[in-house]
Every structure is written in structure tokens, then in C-alpha cells.
Amino acid sequence: MGESTLYKKWREPQSFTEFELRRIANVLSISYEQASALCVEVKNRDSIQAEQQIETLNGFHRRSGVLLIAVILVFVLLSVVLHLLSEIRLDKDELRKLPEYQARYIGAGVDLAPSDLGQETAFHSSLYDYEFLDITVETLGEDISLTGKMRWTLKRNKQLTRLSEFSAQGKHLGDTAALVYTVKDPVDSDVWIGTAMMHMPRSGDSKGYWMTIHNDKDPAGTGPFAIGTIDLIRREIN
């Protein structure tokens with residue numbers, strides 16, 4: 001037989017014909033039955049080896065599957081932990097952002113006429129004169145800020161005068177500016193806060209009204225609210 005045929009039959013001995021087995025048995029000086037038995041033995045051994053290889057592959061696949069499942073479970077668990085940590089961090093951030101003061105109100109408002117102010121007893125008496133020095137106004141979109149110096153003088157004692165830091169922030173819509181201002185007295189470390197409504201066109205001078213609450217007792221015995229005017233002359237920035 002050809003070399004390739006012999007190689008194939010040698011790898012698959014069950015493919016030998018009876019005639020071929022008898023010729024092989026004659027060459028090997030063994031009986032035909034012994035040659036047939038050897039073919040069966042080789043076939044069984046090959047089958048066992050094939051089954052072992054299949055079992056090995058199945059075991060590898062099972063181990064790979066278990067490892068893959070473990071990796072997926074670890075990834076899912078890690079994702080859950082990171083999500084919970086982010087939620088906890090978000091809760092902490094939200095707690096830090098909670099307002100320090102929170103309340104609900106009902107009430108009413110009255111638009112006062114000039115004659116009503118004469119009868120109003122909630123206003124503080126006139127105690128100070130104010131002078132604004134070198135106020136810088138900056139706007140960015142609707143946001144507005146004012147910074148500079150303010151000198152105040154006590155009306156009943158002109159010798160008592162102080163130079164303080166003035167700053168205000170608010171909204172600038174059209175020609176109207178709504179401000180919350182702060183005045184800091186560097187000598188007594190006093191801080192005044194108040195609100196102001198200004199007619200502040202983007203060209204020209206500005207004027208408006210301010211209101212605050214005084215901390216000191218009013219010598220005239222009236223209320224704590226103080227109201228006044230603001231006049232600002234526009235100057236060119238050098």
C-alpha cells in the first residue's frame with residue numbers, strides 16, 4: 001500500500017481490512033486474532049485519550065467560565081460600591097448646601113405716599129452724612145458690583161468722621177440696579193448692610209434710594225429703619 005495510506009491506517013488501526021490484518025499478522029508472526037486484538041486496544045486507547053482531551057478542554061472551559069463570572073461579579077460589585085459612595089458624597093454635599101435659615105411667611109405690603117412717611121414711626125432719625133469716593137462699577141451680563149470708599153460724618157458732631165470700605169452686588173437690568181451693600185468700619189470693626197434701588201443707565205449719572213436697619217438706639221426714639229438717597233456722578237476711567 002502507499003505510504004500515505006499506511007500512515008492513515010496506522011493512526012486508525014480499526015480501518016485495516018481482514019486481508020491486511022492477516023498479512024500484518026503473518027509478517028509479525030502472530031495470529032490473526034492477536035492482530036485484531038491489538039487494533040481494538042489501540043482504538044480504545046485512542047478513544048480514552050480523546051475523551052481525556054475533551055474532559056481537559058471542558059474543565060478549562062468550566063474554569064474559564066467560572067473566572068469570567070467572578071470577574072463580572074467583582075465588576076458589578078465595584079460599580080455598586082462606587083455608586084453608593086457617590087450617592088453618599090452627594091448627600092454630604094447637599095447637606096453642606098442646606099440653607100442656614102429657612103422659613104415660611106404670609107403678610108401684606110403697602111405702597112407709601114410721601115404724606116404717609118410723616119406718620120410712619122418705624123424710621124430712624126437722620127444721623128449721618130455720607131460721601132462716596134472713587135466708586136468702581138462693573139457689570140457682567142446682568143450681574144453688577146460696586147466697590148470703593150465711603151466717608152460718613154455724624155451730623156451732631158462734625159468732628160466724628162470715618163473712612164469705610166463700601167461694596168455692593170446685585171442685578172443690573174436695563175437702567176435699573178438692585179443692590180445689596182456692605183459698609184465696613186475699620187476702626188470699630190462695625191459692618192452695616194442694606195439694600196439699594198438705583199436708576200443707573202450705562203451712560204450718565206446714577207441716583208437712587210437705600211434702606212438699612214441701624215444697630216444703635218435712635219436718640220429720637222423712633223424705629224430702627226433708615227432710608228436715604230444716593231447720587232453718583234459718572235467719571236471717566238483713566
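The values are calculated or read from the model by the stated rules, or taken from the named source; none is laboratory data. Keep in mind it's a predicted model, so treat the numbers as computed, not measured. Backbone-built Cβ (ideal geometry, glycine too); neighbour counts: all protein chains shown. SASA here: full protein model, heavy atoms, side chains in, ligands and nucleic acids out. Shrake-Rupley method; radii C 1.70, N 1.55, O 1.52, S 1.80 Å.
Within segment 136-160, the set of residues being open to solvent by 80 Å² or more (accessible area, probe 1.4 Å), under 20 Å from Val191 (Cα atoms) and aliphatic (A, V, I, L, M) is empty.
Checking each residue in segment 187-238 for being open to solvent by less than 90 Å² (accessible area, probe 1.4 Å) and under 39 Å from the mean Cα position of the chain (by Cα) picks out Asp190, Val191, Trp192, Gly194, Thr195, Ala196, Met198, Met200, Pro201, Trp210, Met211, Thr212. Of the residues Lys158, Lys171, the single one that is of a type in the set (D, E, K, R) and at pLDDT 95 or above is Lys171. Return yes or no: is Gln169 polar (S, T, N, Q) and over 34 Å from the mean Cα position of the chain (by Cα)? Considered against the rule, which asks whether it is polar (S, T, N, Q) and over 34 Å from the mean Cα position of the chain (by Cα), Gln169 comes out as no. Taking the criterion of being over 23 Å from Glu120 (Cβ atoms), of a type in the set (Ser, Thr, Tyr) and at pLDDT below 90, the residues of segment 174-222 that qualify are Ser189, Ser203.
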